[in-house]
Each structure stands twice: as structure tokens, then as C-alpha cells.
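Here the structure is laid out as C-alpha cells; the discussion comes afterwards.
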Amino acid sequence: TYTEEEEKEEEEKKKEEGETAKADGDHEEMELEIVKKLPKRYANQLMLSEWLIDVPPDLDQEWLFVVCPTGKRALVVASRGTTAAYTKSGFCVNQFPSLLPGGNRLNSATGKEYTILDCIYNEVQQTYYILDVMCWRGHPVYDCQTDFRFYWLHSKMEEETDLSEKSRLNPYRFVGLKSYSCNPASLCEVLVMTFPFEVDGILFYHKS
């Protein structure tokens, strides 16, 4: 049994623990409030797709299509020596080094080189499949036509072959997805092809 003095000490101890717990709770609430107020600068930056219900009359001339792998959509931003992946709503879900321009401390000496990509992340293959490019090495291409962006992306990926290999400075692979013309022959050819990933569907892009 407790003596009167021991009971008093125990009560004081519990009181102190309660005040500490309350302080921790207040701190957690404050942290949560701060997180909620943080601006999501990369929210709503990804182009959203719609179901193609009606076949456009200029489908074979003015449209391109891309075969998409299964995975999660991600906005990848390489800047100031680090690479970050964001959800469509702007939440950062991963940070890592990469060989993208601006993506690691060795290739981001000036801080002016940055790259922004629209990707699909396949967790099984630890790969970011690139759908589109918004900015490469500090050169924005937001307002450029789709066919030019696809050409630009393809040419840059050919120059940066190490991006498709995993390494210490590139723990996730970056692979550009190929675009195809929407003519009947091309569609028939691609639909019977075997791809190195599980196919989720097809995205159609207007050239302009």
C-alpha cells in the first residue's frame, strides 16, 4: 500500500505526465494545422483525361496516342539538387536523387536547371514512365504543341540514356513512353504489340 507521501508523489507525477501529454497533443495539432495551411504549389498541374466517346473526324491526321502502363499518376519535379514526386492534388509522396537535369546535387550547381514531367509510377518495376514534359533543363514547353513536346522528350531521353537504369544517383528508372499516329494501320499494329509493362489503357492527344 502507498503511504500518504507516496500517494502525493504519484499524483504529482501523473499530473506532470498529463500536462506533458497535453503539450504534445497541442504540438501535434499545431503541426497538423501548419501542414494544412502549407500551399500546394504543384496542385492541379497535371492534364486530366476524358473518355473518348465520339471518334473525331480528324483522328487519323491530328491525333496521337500513347499506350499507358498501370500505376499512379505523378508530377515529377527535379530542382535544386533533389527530385520529388507529387500527386495530382499536390502532395509530395517521395523525394530522391535522380539523373534528371536539376535532380541531384552533382548536376544542379547553378540551381537554374530544373525539370518537370508528367509521369505514371509503376511500383512493381520501380519506374516512372513519362507521359509528357512540361519543362526540361529550365526550358518550359507548357505552351508548345503536343507533337513538339513528344519530339522534345524523345530526343532528350535519347541523350540521357542513364535515366533508364537504376543507380545510386538514379534509384528509380525513367522511361519515356512512345507516341503513335492514330491512323488505322498504326492502331492495328500497336494493339497487337507486347509491352514490357502491364497495359492500363490508351491516351489520345490532339497534336495542337
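The values are calculated or read from the model by the stated rules, or taken from the named source; none is laboratory data. Note that this is a predicted model, so its numbers are computed, not measured. Counting neighbours? That spans all protein chains shown, and the Cβs are built from the backbone with ideal geometry, glycine included.
Quick notes on this one:
- Residue pairs whose Cβ atoms lie under 8 Å apart, sitting 6 or more positions apart in sequence or on different chains, and linking a residue in the stretch 175-201 that is farther than 20 Å from Leu59 by Cα to a partner that is part of a loop (DSSP other than H, G, I, E, B), are Phe197/Thr70; Phe197/Gln125; Glu198/Thr70; Val199/Thr70; Asp200/Thr70; Asp200/Gly71.
- Failed condition for Gly81, given (1) surrounded by fewer than 18 Cβ atoms within 10 Å (Cβ to Cβ); (2) closer than 24 Å to Leu191 by Cα: (2)
- Among the residues examined, Ile120 qualifies as in contact with a Gly (Cβ under 8 Å, 6 or more places away or on another chain) and either closer than 25 Å to Phe65 by Cβ or modelled with pLDDT under 95 (or both).
- Where strands (runs of 3 or more DSSP E) fall wholly inside the stretch 121-190, no range has 2 or more residues that are of a type in the set (Lys, Arg) and closer than 20 Å to Gly201 by Cβ.
- Selection from the stretch 71-107 of residues that are of a type in the set (Ser, Thr, Tyr) and under 14 Å from Val175 (Cα atoms): Ser98
- Restricting Leu153, Leu131, Leu191 to residues that are among the hydrophobic types (A, V, I, L, M, F, W, C) and surrounded by fewer than 16 Cβ atoms within 10 Å (Cβ to Cβ) narrows the list to Leu191.
- Selection of the stretch 159-177 for residues being more than 18 Å from Phe195 (Cα to Cα) and among the hydroxyl-bearing types (Ser, Thr, Tyr) yields Thr161, Ser167, Tyr172.
- Applying the criterion of being more than 21 Å from Asp162 (Cα to Cα) and of a type in the set (Gly, Ala, Ser) to the residues of the stretch 84-110, the residue that is surrounded by the fewest Cβ atoms within 10 Å (Cβ to Cβ) is Ser89.
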